2 protein chains.
Amino acid sequence: MPETHRSIEEYIHSITEDARKASIILAKTSTGVKNRALREAADLIRKGAPEIQNENRLDLEAGRQKGLSSAMLDRLELTGQRLEGIASMLEEVAMLPDPVGEVTDMRVRPNGLRVGRMRVPLGVIGLIYESRPNVTADAAALCLKSGNACVLRGGSEAIHSNAILARQLQEALRIHGLPQAAVSFVETTDREAVRALCRQRGRVDVIIPRGGKSLIETVVDLANIPVLKHYDGVCHVYVDERVDPGMARRICMNAKIQRPGVCNAAETFLIHKAQSGEFLRALLDDLKENNVEVRGCPETLQLDPSLKPAVEDDWKTEYLDRIVSIKIVGDLDQALDHIDRYSSRHTEAIVTADYAASQRFLREVDSSSVMVNASTRFSDGGQYGLGAEMGISTDKLHARGPMGLVELTCQKFIVYGDGQIRE
Amino acid sequence: MPETHRSIEEYIHSITEDARKASIILAKTSTGVKNRALREAADLIRKGAPEIQNENRLDLEAGRQKGLSSAMLDRLELTGQRLEGIASMLEEVAMLPDPVGEVTDMRVRPNGLRVGRMRVPLGVIGLIYESRPNVTADAAALCLKSGNACVLRGGSEAIHSNAILARQLQEALRIHGLPQAAVSFVETTDREAVRALCRQRGRVDVIIPRGGKSLIETVVDLANIPVLKHYDGVCHVYVDERVDPGMARRICMNAKIQRPGVCNAAETFLIHKAQSGEFLRALLDDLKENNVEVRGCPETLQLDPSLKPAVEDDWKTEYLDRIVSIKIVGDLDQALDHIDRYSSRHTEAIVTADYAASQRFLREVDSSSVMVNASTRFSDGGQYGLGAEMGISTDKLHARGPMGLVELTCQKFIVYGDGQIRE
C-alpha cells in the first residue's frame, strides 16, 4: 500500500474512485483500441516471461516456507506453458465479439417515440480471488473487453505474481492511451482490504468472489453492493426408468470421474428402481474399477453390503473427490423431490429414452443448467460456446450459469423522440 | 400473526417455506390457468367491493385517529373507481404474454449438443411496501403471471385493506386449484417481520422494496438476499447549443410540471451557454407563470437577481415539487460531467438539433433511461410498452429501468444431448 494513505479504508476508497473515473473512459473506448491493448498485453507477457517468473519464484519460495501443500504450490507456479496460456487467452478474448453498444428491442410507440435497449458496461467490477495467479489476467481481460474497469484483490500467496501480471496489463493500457486504473490492483495483503472493497457503494458496481465457500460467504456477509457468486456444485445424474444402459453408464462415469475436483462433476446418482438390478450392478463395478467410493441408500446396500451407507449429510456434500452417493428412487417425482431438496442448483442431468420425462426434467428442475442425455461436465462457458467465462453463477438474478462477456454488461433504455411531451 | 407461532422469526420462516413450496407448483402452472385465476380475482374484487370498502374504512378511521395527512388518507382510500382500476389491471395482466418457458439462443455445438436458454420464474419474491393498498394487487398479479410466489408485507396503515385484497387473490387461486401460499400475506405489522423477511436466504429469491428512501435503505442494509430497488430520481434535462427553442421549452416544462411529485420528473435543467439569453429568459417566464421556484447558478441569477441561488445540496435533491435547479454549462462535456456527478442514474434527456451531440449523450450517460428530444416523464413501463411495471430499477444488475414481467424471471441453460461425454 502506498505510504500516502493513512488507512486501508482510505487506500481502497482512492483506488476505487480512480477505477470509477477510468470506467467512464473505458465505457466509450472503441472495440479496436480495447483489442489492441489486449494483444499488447499478450506480447508483454510473452516478452516479460523471465521477469514474471522471477516474481513468481518469490511467491513459490514464500509458499514453501509457509508449508503450502504441493498441490497449492503447483497451482501457484507460472510455468512457461502457463504464461503462454495466459497470452493466448488474451488474444482469444480480443477475438470475441464486443457486447457493448448493441441495441435491441427497438420499437416505435404510438406517439412516435422509438424505445430500445442499449448494452453498456456495468462500470467497476471488484474481484476477490484466491491462489491461482492466472485469474488476474483472465478477469482483467474479460472486464477490459466488456468495457468495465476492475479492481483486483488476489490471494496473499500470489501477491508478487499477481502484481506483475497486473503491471503488464497496465502497461498495455498505457501504450494504447487508456487509463491504467482500468486494471487496478490492491497492493496490500491486509484482510481489511476485502471488507473495504465490499463496501464501496457508488464506486464499485458488483463484487465477484472466486474461491472457496468460506471466501464467498465472507464476501456476501460483508457486501453492501451486489455480489455475483458461485456456491457449491452438488450436481445430480438421474437414470430414468427407460434408458440405453450403455449411455447411462458412460454419462454417470464421465460426470463423476472425468475430473472429480471441479464444480460440475456429479456427486449423487439417482437411479430409477427399474434400473436397480443389472444396470446398477454394472455401474457399481465400473465405480469400483475406477476407485470411486460409493455411499449408498439402504436399497443400494442390498446389492453390495460392503458399501458404506449414505448418511443425511452425504446428500448435501460436494465431495470434489472420487466419492459418489447413490439413491434408488421410485419414480421421476421422487428424483425431482430429491433434487429440489439437496441440489445446490448448479447442474443436473437426466438420462432417459422417455420424451415426457425429458421435458418434465428440463422444465421442472430449478438449476442453472439442466441437461438431457449429456454429462454434467459440459456445464462450462467454453463448452457452451460463450468463449470465455468469469465463473459459473448459482444465483438467479442477473447471471445464471456460466458468465461470459454479456453477463458483465447491462442494458439501459434509450429513447429517440422528436419533441414528444406527456399529456 | 397466527398464535401457533412462537416468534416473528418462526412465523416468517413458516410463511416463506410455504411460499417456496407453492412456487414449485406455480412454476409449472400453464398460462391458461394463471390467466383464469387473474380474471377470477378481478370478478371477486368487483363483487366484493362493499366488503373491501368496509375493511378500507377501518384503515381510514385508524389513519384519521393517528393524524395522517389528507394526502396520505387520500392514497389509502379504495374508492369504487380505484377498485374498478384494480380489477381492470388484473384483466390486463391476464392479457400480457407469459414470459415463462420461452427458449432462446438455441445453438448446436460441434459435438452435437444443443445448448439454449429457457426463461423461468425467479421463485419467491418478497415485497415490502408502504401505504397504497393497490400495490398488493399489482404486485401479486405480476408475480402470479410470471410464475412466482410472492410474500407481501404492506404498510401498517393499510393492513385491513391489504389483507382483504390478498384474501380475494387467494380465493381466486383456490378456485383454480392453485396453492393459496402463492400469494402470501404477512399478517403482522411488527417491524421485526421486515428484518426476518429480508433474511430468508434459500426460501426467498429476491426482495423488492417499494416506498421512500429510508424504507429502501433499511431493506438494503438488512438483506442477505438480492434486492431490486429504486432510489431517487434526480433527473436532468440538458438543453444543447443548437435546439428548436419551442421544443426545448415544451420538454423542460413537461418534464418539470406535468406531475412534479414522481420519480421521472426533472429536478435540474442544464442550459448550454448559447441558450442562456433569450431562450433561458423565456423559460424562466414559463416557470414563473407556472409557480415553479427556481434555484439558479450564479450565471442564471444574472438574468434575474430575484431568484434563489442554488447551493451544493440543490444539485443532489429530488424535490418532488414545483422547484427546479438551473445551471448554465459551457459545453456538452460540462453537462455530462454534471450528470455523472449528481444524477441518481434514473433518467436524463438532451434536447438538441445536433446529431453528434445526441449520439454522445445516448452512449455516454450512464442512467437507466437516456432520451433525445423527449420528456423524462416517458420513463415508465406503460409508456415503454412493457404492459405493466413492478417499479423502476436504478440498479445495474439484473433489471435496469422499468421492470415488467420479464424482469421477474431469469434464464437457465438447457442442454439436449444424445449421450455426449466430455473427453
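Among the residues of this structure, A:Leu152 does not count as one that is modelled with pLDDT of 95 or more, in a helix (DSSP H, G or I), touching a helix residue (DSSP H, G or I) at 6+ places or on another chain (Cβ under 9 Å) and hydrophobic (A, V, I, L, M, F, W, C). For region B:372-401, the set of residues classified as more than 8 Å from chain A (Cβ to nearest Cβ), touching a His at 6+ places or on another chain (Cβ under 8 Å) and either of a type in the set (A, V, I, L, M) or free of Cβ contacts under 8 Å to residues at least 40 places away in the same chain (or both) consists of B:Ile392 only.
Would you check if there is a residue in region A:230-238 being under 24 Å from B:His398 (Cβ atoms), out of contact with any Lys or Arg (no Cβ under 9 Å at 6 or more places or on another chain) and buried (at least 20 other Cβ atoms within 10 Å of the Cβ)? Yes, region A:230-238 contains a residue that is under 24 Å from B:His398 (Cβ atoms), out of contact with any Lys or Arg (no Cβ under 9 Å at 6 or more places or on another chain) and buried (at least 20 other Cβ atoms within 10 Å of the Cβ).
Region B:239-310 holds helices (runs of 4 or more DSSP H) entirely within its bounds, and those carrying 2 or more residues that are in the same structural domain as B:Tyr355 (by TED's automatic domain parsing), in contact with a helix residue (DSSP H, G or I) (Cβ under 6 Å, 6 or more places away or on another chain) and not aromatic (Phe, Trp, Tyr) map to B:245-257, B:278-289.
Within region A:115-128, is even one residue away from every other protein chain (no Cβ under 14 Å) and not small (Gly, Ala, Ser)? Checked region A:115-128: at least one residue is away from every other protein chain (no Cβ under 14 Å) and not small (Gly, Ala, Ser). Taking region A:224-233 as the range and being touching a helix residue (DSSP H, G or I) at 6+ places or on another chain (Cβ under 9 Å) and either away from every other protein chain (no Cβ under 11 Å) or part of a loop (DSSP other than H, G, I, E, B) (or both) as the test, the residues that pass are A:Asn224, A:Leu228, A:Lys229, A:His230, A:Tyr231, A:Asp232, A:Gly233. Residue pairs whose Cβ atoms lie under 8 Å apart, separated by 6 or more positions or on different chains, with the first residue in region B:23-37 and more than 9 Å from every other protein chain (Cβ to nearest Cβ) and outside any helix (DSSP H, G or I) and the second at pLDDT below 95 and buried (at least 18 other Cβ atoms within 10 Å of the Cβ), do not occur. Do the conditions hold for A:Lys327, that is, is it touching a Cys at 6+ places or on another chain (Cβ under 7 Å) and either at pLDDT below 95 or at the interface with chain B (Cβ under 9 Å from one of its Cβ atoms) (or both)? No.
For residues that are closer than 21 Å to B:Val206 by Cα and either part of a loop (DSSP other than H, G, I, E, B) or free of Cβ contacts under 8 Å to residues at least 40 places away in the same chain (or both), scanning just region B:402-423, find the one that is farthest from the other protein chains (Cβ to nearest Cβ). Ranking the qualifying residues of region B:402-423, first place goes to B:Leu405. Here region A:201-215 is the region considered, the condition is being closer than 12 Å to A:Cys143 by Cβ and not in a loop (DSSP other than H, G, I, E, B), and the residue that is nearest to the other protein chains (Cβ to nearest Cβ) is A:Val206. Which of (1) closer than 15 Å to B:Arg210 by Cβ; (2) touching a Lys or Arg at 6+ places or on another chain (Cβ under 8 Å) does B:Gln411 not meet, given it meets every other one? Condition (1) is where B:Gln411 drops out. For region A:80-114, taking the residues that are of a type in the set (D, E, K, R) and at the interface with chain B (Cβ under 9 Å from one of its Cβ atoms), the one that is nearest to the chain's Cα centre (by Cα) is identified as A:Arg107. Restricting the first member to region B:59-71 and to residues that are within 11 Å of B:Glu157 (Cα to Cα), and the second to residues that are buried (at least 16 other Cβ atoms within 10 Å of the Cβ) and of a type in the set (Ser, Thr, Tyr), the beta-carbon pairs closer than 6 Å and six or more apart or on different chains are B:Asp59/B:Ser161.
Within the option set B:Ala139, B:Ala158, being closer than 30 Å to A:Met403 by Cβ and either outside the structural domain of B:Leu76 (by TED's automatic domain parsing) or within 20 Å of the chain's Cα centre (by Cα) (or both) holds for one residue only, B:Ala139.
Remark: pairs (first residue in region A:346-367, closer than 22 Å to A:Asp380 by Cβ and buried (at least 24 other Cβ atoms within 10 Å of the Cβ); second residue acidic (Asp, Glu) and modelled with pLDDT of 95 or more; Cβ separation under 7 Å; 6+ apart in sequence or on different chains) = A:Ile350/A:Asp240; A:Val351/A:Asp240; A:Val365/A:Glu348; A:Ser367/A:Glu348. Scanning region B:170-186 for residues that are assigned to a helix (DSSP H, G or I) and farther than 20 Å from B:Val204 by Cα turns up B:Glu171, B:Ala172, B:Leu173, B:Arg174, B:Ile175. Scan region A:149-167 and tell me whether some residue there is in contact (Cβ under 8 Å) with a residue 12 or more places away in the chain, within 14 Å of chain B (Cβ to nearest Cβ) and surrounded by 18 or more Cβ atoms within 10 Å (Cβ to Cβ). So far as region A:149-167 goes, yes, one or more of its residues are in contact (Cβ under 8 Å) with a residue 12 or more places away in the chain, within 14 Å of chain B (Cβ to nearest Cβ) and surrounded by 18 or more Cβ atoms within 10 Å (Cβ to Cβ). Answer yes or no: is there a residue in region B:330-342 that is surrounded by 16 or more Cβ atoms within 10 Å (Cβ to Cβ), among the small types (Gly, Ala, Ser) and in contact with a Ser or Thr (Cβ under 9 Å, 6 or more places away or on another chain). No; the residues of region B:330-342 include none that is surrounded by 16 or more Cβ atoms within 10 Å (Cβ to Cβ), among the small types (Gly, Ala, Ser) and in contact with a Ser or Thr (Cβ under 9 Å, 6 or more places away or on another chain). Within region A:25-42, can one find any residue that is farther than 14 Å from A:Leu173 by Cα and of a type in the set (Val, Ile, Thr)? No; the residues of region A:25-42 include none that is farther than 14 Å from A:Leu173 by Cα and of a type in the set (Val, Ile, Thr). Testing A:Ala357 on (1) facing another protein chain (nearest Cβ under 10 Å); (2) more than 22 Å from the chain's Cα centre (by Cα), one condition comes back false. Which one is that? Of (1) facing another protein chain (nearest Cβ under 10 Å); (2) more than 22 Å from the chain's Cα centre (by Cα), only one is false for A:Ala357: (1). Being closer than 18 Å to A:Thr394 by Cα, among the charged types (D, E, K, R) and in the same structural domain as A:Asp244 (by TED's automatic domain parsing), is that true of even one residue in region A:323-339? Looking through region A:323-339, none of the residues is closer than 18 Å to A:Thr394 by Cα, among the charged types (D, E, K, R) and in the same structural domain as A:Asp244 (by TED's automatic domain parsing).
Looking for whichever is farther than 26 Å from A:Leu197 by Cα, surrounded by 17 or more Cβ atoms within 10 Å (Cβ to Cβ) and small (Gly, Ala, Ser) here; the options are A:Ala27, A:Ala19, A:Ala71, A:Ala87. Which one fits? Checking each option against the conditions leaves just A:Ala87.
Only one of the listed residues (B:Ser146, B:Ser156) is polar (S, T, N, Q) and under 23 Å from A:Lys396 (Cβ atoms). That residue is B:Ser146.
Listed conditions (1) within 21 Å of A:Val329 (Cβ to Cβ); (2) surrounded by fewer than 22 Cβ atoms within 10 Å (Cβ to Cβ) are all met by A:Pro260, apart from (1).
The values are calculated or read from the model by the stated rules, or taken from the named source; none is laboratory data. Computed from a predicted model, the values in this text were never measured in an experiment. Cβ sites come from the backbone with ideal geometry, for glycine too, and all protein chains shown count toward neighbours.
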